[in-house]
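The values are calculated or read from the model by the stated rules, or taken from the named source; none is laboratory data. Everything numeric in this text was worked out from a predicted model, so none of it was measured. No Cβ is skipped: glycine too gets one built from the backbone with ideal geometry, and neighbour counts run over all protein chains shown. The protein model used for the area step is the full one, side chains on, heavy atoms only, and it has no ligands, DNA or RNA in it. Shrake-Rupley method; radii C 1.70, N 1.55, O 1.52, S 1.80 Å.
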Amino acid sequence: MFDQSSKSRISLGLKALGMILGHVNLGIAEPASWISFQSRPDILAPSLNVSINDDGLVTPGYIFMAPYETDRPGPYIYSTDGDLIWSGSDGSTTELFHDLHVCNYGGSDHLCFFQGTQIEGYARGRNLILNNNYQPTTEVQSGQGLEISDMHELEVLDGERMLFTIYQPRLYDLSAYGMKTPGWVMDGVFQEVDIKSGKVLFEWGSLGHVPLSETYVPLGINPVVGDGLSNSTAWDYFHINSVDKFSDGDYLVSARHTSCIYKLSGEDGAVIWRLGGVNPTFHMTDYNFSSQHDARVHGENNTHTVLSLFDNGSNNYRNTSLISSGMIVAIDHQTNTSTLITRFQAPGEGLRSTSQGNTQILSNGNAFIGWGSNRSFSEHTADGTPVYFATLIDNDSMNYRAFKYNWTATPSDPPALSAQAPSSNGATTFWVSWNGATDNSHWNFYGSSSASDPFVLLAGVGKQGFQTTYTSPKFYHRAFAEAVASDGSSMKNSSVVNVSVPT
């Protein structure tokens with residue numbers, strides 16, 4: 001369930017316009033909620049406040065996120081220092097992006113994310129895969145005549161198949177809930193699809209396996225849950241929000257509105273066991289959870305299962321915890337009990353995130369936590385100690401999931417250069433950036449004194465972040481910049497630009 005602010009598109013536009021008019025000519029501007037760049041004035045990237053960054057304990061890698069309810073929603077990659085690496089925003093303020101992460105497709109690293117339109121607590125859209133040049137590789141969509149894909153899950157399996165969710169309204173007998181005519185219920189569906197062919201390999205729907213009586217959210221409690229009177233206001237009794245797959249072919253599904261995690265048969269979809277919910281298979285000995293997100297499998301044998309999840313602990317109606325947390329838990333199938341292995345809490349007094357969130361277990365045992373509606377993300381050592389914490393500065397923004405990965409990319413687009421001088425007798429300042437590049441270590445700047453003169457190397461400057469600035473004491477009529485790798489090899493040149501001089 002998403003408890004979103006209803007930010008007016010008009011006020012959002014005025015806010016962005018005011019920022020642009022006030023700051024675009026200052027080179028790099030850092031107002032309260034976003035950062036812009038002289039070399040790429042089209043990019044308005046969310047600003048981060050990094051409050052904890054223990055370099056000795058933080059896992060190497062970049063941060064992947066897709067904030068929304070902000071001036072420029074989109075998929076973004078950042079360094080742990082808060083420097084922008086890549087902006088994938090297309091400029092739209094009406095569409096949202098979710099679940100940006102590195103996925104293995106066809107044997108190599110790609111970027112995967114969802115893009116679509118928000119509809120109360122779910123979305124309609126498409127699942128996109130980009131290569132390491134940031135070019136679209138493929139788009140994956142639902143099959144078998146169902147509604148188009150939802151935003152809550154996108155997982156690539158073995159480089160060939162994709163799991164994703166679908167919110168499918170269906171006519172349903174709601175007479176037991178006081179509705180005289182057939183009502184509408186939202187079926188929480190997931191499909192496993194072959195990426196290349198689009199063939200649906202497996203499909204599961206909650207209505208065939210989980211009764212309405214398992215929900216904790218009454219019919220009509222709010223617009224996100226729905227009143228069941230139409231297909232556009234179907235009762236979202238289940239609210240599927242993550243899907244994972246066991247090595248034996250069974251599936252793990254998290255449902256927020258039943259506060260339950262289900263193991264499902266990969267053969268017929270039958271429920272094998274329930275963790276949490278109104279009819280649990282296991283007794284949780286030293287923890288609880290509710291309104292959870294992002295349940296993941298980390299290991300299973302004949303006697304035990306190890307999972308991670310993000311415990312919201314509240315949905316603003318039902319509260320089981322004062323704060324939210326990431327968790328690793330173990331299930332003992334011999335005793336039908338479950339115990340807490342590790343809890344990951346936000347530093348200080350903690351955070352309560354009443355919607356969204358995720359728990360990513362990194363290869364070194366650290367955990368990376370996205371705090372959902374609280375717009376923060378953190379990294380923790382295996383014992384739960386926070387070693388990194390950052391927050392999006394825009395108070396209105398949210399971020400469904402946040403991740404950390406290694407990523408190497410060389411954009412197909414050339415670097416962008418802007419150059420200006422106060423007069424034809426003054427110094428020349430150059431700003432250069434290459435959106436998404438990870439491997440260039442420095443820049444060579446070249447200038448030409450006139451339209452007919454050859455270009456000469458002016459300076460080599462180490463990369464300063466997303467944008468690098470260099471000022472020459474002399475005036476140059478034309479210029480270009482060269483991206484250079486750490487081994488000294490040339491990677492790509494910017495276009496030749498004329499140096500701007502005020503008139």
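General observations
- Å² of accessible area per residue within the chain, as computed with a 1.4 Å probe and no ligands counted: 39
- Reported label for calculated log10 I(q)/I(0) by the Debye sum over Cα atoms at q = 0.07 Å⁻¹ given (i) -0.42; (ii) -0.72; (iii) -0.49: (i)
- Pairs from Lys196/Lys245; Lys245/Lys404; Lys404/Lys463 whose Cα-Cα separation, in the structure shown, is over 27 Å: none
- Packing rank of 229-237, 52-60, 200-208, where each peptide gets the mean count of other beta carbons within 10 Å, highest leading: 229-237, 200-208, 52-60
- Note on Ile119: accessible area is roughly 60 Å² with a 1.4 Å probe, heavy atoms of protein only.
- Taking the protein heavy atoms of the chain in the context of the full set of protein chains, the accessible area attributed to carbon and sulfur is 48 percent at 1.4 Å.
- Remark: relative contact order (the chain) = 12 percent; criterion is Cα-Cα distance under 8 angstrom and separation of 6 or more residues.
- Percent of C-alpha pairs per 10 Å bin, region 358-432, short to long: 16, 27, 20, 20, 12, 4, 0
- Dipole in debye (nearest 20) - the chain, about Cα centre, beta carbon charges: Lys, Arg +1; Asp, Glu -1: 1060
- Rounded tilt (10° steps) of 9-23 against the dominant C-alpha axis of the chain: 30
- Tyr470 - accessible surface, heavy atoms, 1.4 Å probe, Å² rounded to 10: 40
- For region 127-187, applying the loop criterion from DSSP together with a ceiling of 15 other beta carbons within 10 Å to the trypsin sites (Lys or Arg not before Pro) yields Lys180.
- Gained length - Asn49 relative to Arg318, 0.36 nm times residue gap less alpha-carbon distance: 93.7 nm
- Charge context of Ser290, other residues only, Cβ under 10 angstrom, K/R +1, D/E -1: +1
- Cysteines having no other Cys beta carbon under 4.7 Å from their own, within the chain: Cys260
- Exposure ranking of Asp244, Asp81 by accessible area [1.4 Å probe, largest first]: Asp81, Asp244
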